[in-house]
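One structure is given below, encoded as structure tokens.
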Amino acid sequence: MDIPVYVIAGFLDSGKTQFINGTLSDGFAEKTRTLLLRCEEGEEEYAPALLRNVTVVDVEDEEDLTMDLLRELEREHRPRQVLVEYNGMWQLETLWNKALPPNWFIVQTFTFMDANSFELYARNMGQLTMEKVKQADVLVFNRCDDVLAEVLRGRNLRMTNRRAQIFLEYEDGSSEDYLTGEECPFDLSQEVIDIPDEDFGVWYVDVMDHPDRYVGKTIHAKLVMMRSTKYDKPFCPGRFAMVCCANDIAFLGLVARGAGLERYKNKEWLDATFTIEIVSHPAYEGPGPVMEMLEVKSGRKADPELLSY
């Protein structure tokens, strides 16, 4: 049986236990047998009334977090889902690559950071700190004020983690999105902007929203060749993406120009280097980003082949 795992990461006193209490109070484990692995114990405790369907197991040392342990806990407690309050001083790689049994799968990783101490942690424990940022699906900076929010936004953490939802929570209980819409997810100072396979969807959204950013920049990506059936059949290489489920697949493509594109078949993988120009085209019903190909050759499939979008 597959077992979904929810990871709550962050340093001591960053709000992990408070989040778990809130999640349990919302009925997360009310009808589902839950295993809660506590890898770090702070001042705040789990509310006893919320643990009726939850088994709490303490894991005190990183070397104790092994696949053998987790398999034993599965046999003993037969959980249907797992929460992990992860120790901020441990590498997430220990859980990802060494401890998780094959039938345990990560559904979501939440990372909590105290905005007041983030810069200190980033300076003194950069690798540990930024690992938690990079691996997060949801990243929350709590105990913010206006000054700290400005400092955090100045870091442009979207370049560190292009897919996470990032929130700023203030002392008065209010919260807001970290992203203002102006942050660029890629380092535009690079000689060649290399788009990672898994981040093409992020780049596609950004280039459609902010094409001016990429005009004249040299960009490299793996693409799938497609020809549109409209507008004199332009070349529109891009990537297939799962929009919401396996039955809802969309193609994210841009109009492309360049010598030799006619040699490639539909759905053939390309290794492409190109620049972006803004050109008026019927496909965009006006001006839009067009890939001006500098170098194209047959390439290997991207990994993942299908984007989650």
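The values are calculated or read from the model by the stated rules, or taken from the named source; none is laboratory data. Keep in mind the model is a prediction, meaning the values are calculated, not measured. In this analysis, Cβ positions are derived from the backbone assuming ideal geometry, glycine residues included, and neighbour counts consider all displayed protein chains. To get the accessible areas, we keep the full protein, side chains included, count just its heavy atoms, and leave off ligands, DNA and RNA. Shrake-Rupley method; radii C 1.70, N 1.55, O 1.52, S 1.80 Å.
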Task: For the range 183-198, 3J(HN,Hα) per residue [Karplus equation, 6.51 cos²θ - 1.76 cosθ + 1.60, θ = phi - 60°, Hz, x = Gly/Pro] - done: 6, 9, x, 10, 7, 6, 7, 5, 5, 10, 7, 8, 8, x, 3, 6
TODO: Tell me which residues come under 5 Å, amide H to amide H, from Q81 once H is placed; ignore anything under 5 positions away on its chain.
DONE: L35
Task: Shape call, the range 9-48: gyration tensor on alpha carbons, a/c limit 1.5 - done: prolate
- [ ] Give the accessible surface of the chain per residue, rounded to a whole number of Å², with probe radius 1.4 Å and ligands, DNA and RNA excluded.
- [x] 52 Å²
Open item on the list: Quick check on the range 6-104: take the gyration tensor over C-alpha atoms, sort the square-rooted eigenvalues as a ≥ b ≥ c, and tell me if it's rounded (a/c under 1.5), prolate or oblate.
Closed with: oblate
Task: Cα-based equivalent ellipsoid of the chain: semi-axis lengths in Å, sorted from largest, via gyration tensor - done: 42, 24, 17
- [ ] Summarise the accessible area of the range 189-230 (1.4 Å probe, protein heavy atoms) by the percent that is carbon and sulfur.
- [x] 47 percent
Task: Beta bridge orientation in the chain: antiparallel %, DSSP, nearest 5 - done: 45 percent
Task: the range 95-178, accessible surface, carbon-and-sulfur percent (1.4 angstrom probe) - done: 45 percent
TODO: For L294, list long-range residues whose amide hydrogen, built 1.01 Å from N in the peptide plane, is under 5 Å from its own amide hydrogen.
DONE: T273, F274, T275
TODO: Would you please put 86-94, 258-266 in order of how densely packed they are, using the mean number of other Cβ atoms within 10 angstrom per residue and starting with the highest?
DONE: 86-94, 258-266
TODO: Given the options Y178, Y284, Y204, state which has the largest fluctuation in a GNM of the chain using a 10 Å cut-off (strictly under) for Cα springs.
DONE: Y284
Task: Between the range 155-201 and the range 1-45, the Cα center-to-center distance that results, in Å - done: 26 Å
TODO: Enumerate the amide H contacts of T66 below 5 Å, restricted to partners 5 or more residues apart or on another chain; note that Pro and chain-start residues carry no placed amide H.
DONE: none
Task: Rounded to whole Hz, the Karplus (6.51, -1.76, 1.60) HN-Hα couplings of the range 40-52, x for glycine and proline - done: 7, 10, x, 6, 7, 10, 5, 6, x, 5, 8, 9, 5
Task: Backbone HN-Hα couplings from phi across the range 6-11 [Karplus 6.51/-1.76/1.60, Hz, Gly and Pro as x] - done: 10, 9, 10, 10, x, 7
